[in-house]
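Below: one structure, written as structure tokens.
The values are calculated or read from the model by the stated rules, or taken from the named source; none is laboratory data. Owing to the predicted nature of the structure, the values given are computational and were not obtained by experimental measurement. Because the Cβ atoms are built from the backbone with ideal geometry, glycine has one as well, and the counts that use them run over all protein chains shown. Just the protein is used for accessible areas: all its heavy atoms, side chains included, with ligands, DNA and RNA removed. Shrake-Rupley method; radii C 1.70, N 1.55, O 1.52, S 1.80 Å.
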Amino acid sequence: MARKKVRPRLIAELARRVRALREQRERPRDSQRYSLDYETLTRPYSGRRLPARAWADVRSESRLLQLLGRLPFFGLGRLVTRKSWLWQHDEPCYWRLTRVRPDYTAQNLDHGKAWGILTFKGKTESEAREIEQVMYHDWRLVPKHEEEAFTAFRPVSEDTLCSVPYPPLLRAMILAERQKNGDTSTEEPMLNLERTRIEPWDYPAKQEAKRKAKGTPV
């Protein structure tokens with residue numbers, strides 16, 4: 001009985017999967033990448049030192065997994081926020097945890113990944129996604145008895161005025177330009193005041209894209 005030939009494409013696909021599996025196994029874990037020497041404030045894995053503005057937070061604040069490791073079921077369903085959000089925004093900004101995957105090779109289970117539903121400046125996203133910057137030392141847990149007050153938010157009604165008349169000089173210039181171009185329109189020129197919505201600079205998705213463009217965070 002003739003032996004069945006293996007198609008080259010199948011061999012190439014199998015080799016690709018083997019290479020991907022080896023890369024995944026050799027990839028450093030979060031506990032290795034983001035471990036920190038608190039005396040020199042340096043990441044041993046990358047050799048990079050934390051920026052000076054982060055030194056105070058490193059000594060007084062906690063990483064996200066440090067907070068969650070003290071809670072039952074790693075705090076699933078709880079609310080977490082960041083000190084920088086509390087300082088910069090009056091509207092509520094927080095994550096509601098839906099999934100936590102700690103790095104079990106870490107000594108105190110203080111490294112890993114987490115997923116949740118983001119509410120930023122009172123606007124809640126529809127789907128859960130991975131939480132960025134879990135290794136930063138500025139995470140805070142919202143106490144259960146304060147969750148209702150923390151999440152309470154009444155959006156400010158926006159002014160319905162979308163356009164106003166042009167100043168007299170600009171109005172005369174626009175009408176003269178119309179007359180020069182043969183435009184017989186009698187419509188009053190109005191200045192549009194509708195705002196273009198731009199996400200804040202510290203929106204998590206923007207920060208994550210900026211981090212990927214620069215490289216591995218310290």
If you go through T151, T105, the only one that is among the β-branched types (V, I, T) and in contact with a helix residue (DSSP H, G or I) (Cβ under 7 Å, 6 or more places away or on another chain) is T105
Would a scan of segment 12-20 turn up a residue that is at pLDDT below 85, buried (at least 16 other Cβ atoms within 10 Å of the Cβ), acidic (D, E) and part of a helix (DSSP H, G or I)? no
Within segment 100-151, the count of residues that are among the aliphatic types (A, V, I, L, M) and free of Cβ contacts under 8 Å to residues at least 40 places away in the same chain comes to 4
Of the conditions (1) exposed (fewer than 10 other Cβ atoms within 10 Å of the Cβ); (2) hydrophobic (A, V, I, L, M, F, W, C); (3) in contact with a His (Cβ under 8 Å, 6 or more places away or on another chain), the single one that A52 does not satisfy is (3)
P92 fails exactly one of (1) without any contact (Cβ under 8 Å) to a residue 24 or more places away in the chain; (2) assigned to a loop (DSSP other than H, G, I, E, B), namely (1)
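Every residue, every condition in (1) over 15 Å from K113 (Cα atoms); (2) out of contact with any Asp or Glu (no Cβ under 7 Å at 6 or more places or on another chain); (3) free of Cβ contacts under 8 Å to residues at least 12 places away in the same chain, yes or no:
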site	(1), (2), (3)
A12	yes, yes, yes
Y34	no, yes, no
Y38	yes, yes, no
T42	yes, yes, yes
A52	yes, yes, yes
W55	yes, yes, no
Q66	no, no, no
L76	no, yes, no
Restricting segment 67-97 to residues that are hydroxyl-bearing (S, T, Y) and buried (at least 18 other Cβ atoms within 10 Å of the Cβ), the one nearest to A152 (Cα to Cα) turns out to be Y94
Here, strands (runs of 3 or more DSSP E) confined to segment 102-218 with at least 1 residues that are modelled with pLDDT under 90 and under 30 Å from R43 (Cα atoms) are 112-120
Restricted to segment 98-109 and to residues being open to solvent by 40 Å² or more (accessible area, probe 1.4 Å) and β-branched (V, I, T), the residue nearest to Q133 (Cα to Cα) is T98
Scanning segment 10-54 for residues that are under 25 Å from S84 (Cα atoms) and over 22 Å from the mean Cα position of the chain (by Cα) gives L36, D37, Y38, E39, T40, L41, T42, R43, R48, R49, A52
Scan segment 146-161 and give yes if some residue there is aliphatic (A, V, I, L, M) and in contact with a strand residue (DSSP E or B) (Cβ under 6 Å, 6 or more places away or on another chain), otherwise no. no
Of the residues in segment 30-75 that are part of a strand (DSSP E or B) and not polar (S, T, N, Q), the one that is modelled with the highest pLDDT is R49
